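Structure first, then comments.
The values are calculated or read from the model by the stated rules, or taken from the named source; none is laboratory data. As the structure is a computational prediction, the values presented were derived from the model and not from experiment. Because the Cβ atoms are built from the backbone with ideal geometry, glycine has one as well, and the counts that use them run over all protein chains shown.
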Amino acid sequence: MTARSPRLVAVPRRQGLTLVELLVVMAIIGLLAAMLFPTIQGAREASRRMACLNNIRQLGLAASVHHDARGWFPAGSLIAADGTSWGLTVSLLPYLEEQVLFDSVVLHAGGACGQVRALQAAGKPDPASRRLAVLACPSDPQAGRPLQSGPSGPLPTSGDCGIVHPGNYLGVAGREEAVDASQPINKCYTSRGIDAGTGLFYDDSRTRMKDVADGLSKTLAIGERGVPEDLGWGWVIAGGQECEQYLGAARGVFRPTLPGNASTADEELLHWWSWHASGPHFALADGSARAISPDVDHAVFMALSTRAGGEVAAVP
């Protein structure tokens, strides 16, 4: 009788994961994602912050090139015939590779907003309705959003400049702000601007480098301010004057608790502020750029805003 060989029994191979194992893997992935998310967000904000700094550096350098070409820095607001005004950024367009947009308007003829509306109605290029990345901080959710201004838009009492893209970068006018006895709280609502500022940019200004007795590297030229949530301010191409195209330094640097939605319009409009934790960026008269903390000493900030105040102050 022959012996039988032992019978081999095939054990089925297990496929996939059990429910418990799957839940463990998902929990680990979720934990890793939670740990990495702040790092990713931080890296993104750092990139946006560097882009914003580069924007304002380009504007500062463009202002210097304008001075080299014309002999003076552009006007903070160039008052047009109808009382509306062109912002300093319009004069910088040729030095920001936007010659076509600059050539589309005539700065010393007619009204600023009237020209813009006529160009838009004709379907021709105009600088106000074109989104220019160099004028918008990428961290600001309001910046670069188009607004239909005037009676047919969401702000019917605003100026009528057609479609505008609010921007973040305004000229530094010096210590002063416009004064209007009928508007004791919010000076931005005055119908007039600053006609003799102690800084580089104000109404019809023609500041020259030789006027900057405090030193080009110690004088603020262009600064960052967040765009108000309703987009009703910051029309840096065409529109108003103070709080629109330039700003005085009297109220200082501000750290809003809810950027873009500050508790009062006074906070949003009259202070320099940004969405960056490090504070708003500023270009100096020598073309350099840096952030200035909301914790900066107010007296130092005021001193840096003037071109010939005789103060001894270094950029923090």
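Here are the numbers for this structure:
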read-out: Members of region 133-158 that are more than 16 Å from Gly226 (Cα to Cα) and either surrounded by fewer than 21 Cβ atoms within 10 Å (Cβ to Cβ) or touching a Lys or Arg at 6+ places or on another chain (Cβ under 8 Å) (or both); value: Gln148, Gly150, Pro151, Ser152, Gly153, Pro154, Leu155, Pro156, Thr157
read-out: Sole exception among (1) surrounded by 17 or more Cβ atoms within 10 Å (Cβ to Cβ); (2) touching a Leu at 6+ places or on another chain (Cβ under 9 Å); (3) farther than 16 Å from Tyr246 by Cα for Phe102, by number; value: (1)
read-out: Test set (1) closer than 18 Å to Gln241 by Cβ; (2) assigned to a helix (DSSP H, G or I) - Ala128 fails condition number; value: (2)
read-out: Any hit, region 167-175, residues being modelled with pLDDT of 95 or more and among the aromatic types (Phe, Trp, Tyr); value: yes
read-out: Region 94-122, residues that are under 24 Å from the mean Cα position of the chain (by Cα), more than 15 Å from Trp235 (Cα to Cα) and hydrophobic (A, V, I, L, M, F, W, C); value: Leu96, Val100, Leu101, Phe102, Val105, Leu107
read-out: Residues (closer than 20 Å to His67 by Cα and either without any contact (Cβ under 8 Å) to a residue 12 or more places away in the chain or not in a helix (DSSP H, G or I) (or both)) located in region 95-125; value: Glu97, Glu98, Gln99, Asp103, Val106, Leu107, His108
read-out: Whichever residue in region 64-92 is in a helix (DSSP H, G or I) and under 16 Å from the mean Cα position of the chain (by Cα) and, among such residues, is farthest from Ile237 (Cα to Cα); value: Leu92
